[in-house]
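Engineer: Pasting a structure here, questions to come.
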Amino acid sequence: MSDQDITSKTKYHVISGRFAGERIASRIMEEQIQEAVAQGHRTLKIDAYGQHGIGGRLWQADNDPVRIQVVGQPGQRLGSMGFPNTSIEALGPASDDVGWLNAGAEIVVHGNAGNGCANAMAQGKIFISGNIGARGMTMTKHNPRFDPPELWVLGSAGDYFGEFMAGGIAVICGFDAQNPDIGPLSAWSEAKYFSGDRIPDTANPMPS
């Protein structure tokens, strides 16, 4: 491996969400990220200004690990349709639908996340250091050929958590929870709660 190849895989390649003082469209940022990966860059820093879908669909890297650090404010669907080779770290809160249709990416959010976190996720892991909004971990599925999808939330979850959850693992720690009540949940999923005082009866989805 040449020195140039090592540099492209370890040094941050920076992509800004602004050009000439104006916010660029989400589509343009997506093209720039895909082009950077196609050129061999494997460590990217994204200066986000509300662009959607950051970090998803990076299939061109094949099996090479791709690391994406997001500063600023990401828009909806952070890491949507993420691939198993991708790790995404948002250095702040995130909007709705983090990890939508995630197919294997590892996503870390240093703050709260909005509604629909891990919606329809099939693989991968999501870690939220704050609270999430409504309908987290909904419509998930688990193909037994692969590891189950996982959602770890340090804080609390909003209404209708785990709605139509057909597979996967969810851990809600309840640290400084803004909402101690969680539910309802679907059957045949696995969820663990550590929110302390009171958990509704509907919060235990496992069959006896």
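Engineer: Could you compute the net charge surrounding Val108? Neighbours are other residues with a C-beta less than 10 Å from the C-beta of Val108; K and R count +1, D and E count -1.
Structural biologist: Taking every Cβ under 10 Å from that of Val108, the sum is -1.
Engineer: Applying the Karplus parametrisation 6.51 cos²θ - 1.76 cosθ + 1.60 with θ = phi - 60° to the phi angles of region 67-77, what ³J(HN,Hα) value in whole Hz is obtained for each residue in order, glycine and proline being reported as x?
Structural biologist: Per-residue couplings from phi come out as 10, 10, 10, 10, 10, x, 10, x, x, 5, 6 Hz.
Engineer: Around Val108, which amide H atoms from residues at least 5 apart in sequence, or from another chain, sit under 5 Å from its own amide H, with H modelled in the peptide plane?
Structural biologist: Ile88, Glu89, Ala90, Phe127
Engineer: Follow-up. Along its three principal axes, how long is region 48-195 when you only count alpha carbons? Whole Å, largest extent first please.
Structural biologist: 40, 36, 19
Engineer: A further question follows. What FRET efficiency would be calculated for the residue pair Arg27, Phe146, taking the C-beta separation as r and a Förster radius of 22 Å, to the nearest 0.05?
Structural biologist: E between Arg27 and Phe146, to the nearest 0.05, is 0.15.
Engineer: Near Ser87, within a Cβ-to-Cβ distance under 9 Å, what is the net charge of the other residues, with Lys and Arg +1 and Asp and Glu -1?
Structural biologist: -1
Engineer: Continuing with this model, one more query. Would you work out if region 42-81 is rounded, prolate or oblate? Take a ≥ b ≥ c from the square roots of the eigenvalues of the alpha-carbon gyration tensor; rounded if a/c is under 1.5, else prolate when a/b is larger than b/c, oblate otherwise. Please report the intermediate quantities before stating the final value.
Structural biologist: On the way: a/c = 3.48, a/b = 1.58, b/c = 2.20.
Taking the square roots of the gyration eigenvalues as a ≥ b ≥ c, region 42-81 is oblate.
Engineer: When a footprinting reagent is the concern and you count Cβ atoms within 10 Å, what order do Cys117, Cys173 take, fewest first? Don't skip to the answer; put the middle values down first.
Structural biologist: Details: Cys117 33, Cys173 18.
Sorted ascending by nearby Cβ count, the order is Cys173, Cys117.
Engineer: Further, regarding this structure: Charges on Cβ only, +1 for Lys and Arg, -1 for Asp and Glu, centred on the Cα centroid of region 48-195; of Ile172, Asn63, Gly116, which one is farthest towards the dipole's positive end?
Structural biologist: The residue sitting farthest along the positive end of the dipole is Asn63.
Engineer: Can you find, among Trp152, Trp100, Met137, the residue farthest towards the positive end of the dipole of region 48-195? Put +1 on the C-beta of Lys and Arg, -1 on that of Asp and Glu.
Structural biologist: Of Trp152, Trp100, Met137, it is Trp100.
Engineer: Would you mind ranking Trp100, Trp152, Trp59 so that the residue whose beta carbon has the fewest other beta carbons within 10 Å leads the list? Walk me through the numbers on the way to the answer.
Structural biologist: Details: Trp100 21, Trp152 16, Trp59 13.
So the residues, fewest neighbours to most, are Trp59, Trp152, Trp100.
Engineer: How far apart, in nm, are the 7 Å Cα→Cβ label points at Asn63 and Asp47?
Structural biologist: Distance between label points: 3.7 nm.
Engineer: Would you mind ranking Tyr160, Tyr12 so that the residue whose beta carbon has the fewest other beta carbons within 10 Å leads the list?
Structural biologist: Going from sparsest to densest Cβ surroundings: Tyr12, Tyr160.
Engineer: For region 100-145, what does the alpha-carbon gyration tensor say about shape, rounded, prolate or oblate, given a ≥ b ≥ c as the root eigenvalues, a/c under 1.5 as rounded, and a/b over b/c as prolate?
Structural biologist: Note, shape of region 100-145 comes out oblate.
Engineer: Amide H neighbours of Met81 under 5 Å, counting only residues 5+ apart in sequence or on other chains, H built in-plane at 1.01 Å?
Structural biologist: Residues meeting the criterion, in which the H sits 1.01 Å from N, are Trp100, Leu101, Asn102, Ala103.
Readers should treat all values here as calculations from the given coordinates under stated rules, not as data from a laboratory. All values derive from a computational prediction rather than experimental measurement. As a convention, Cβ positions derive from the backbone with ideal geometry for all residues, glycine included, and neighbour counts pool all protein chains shown.
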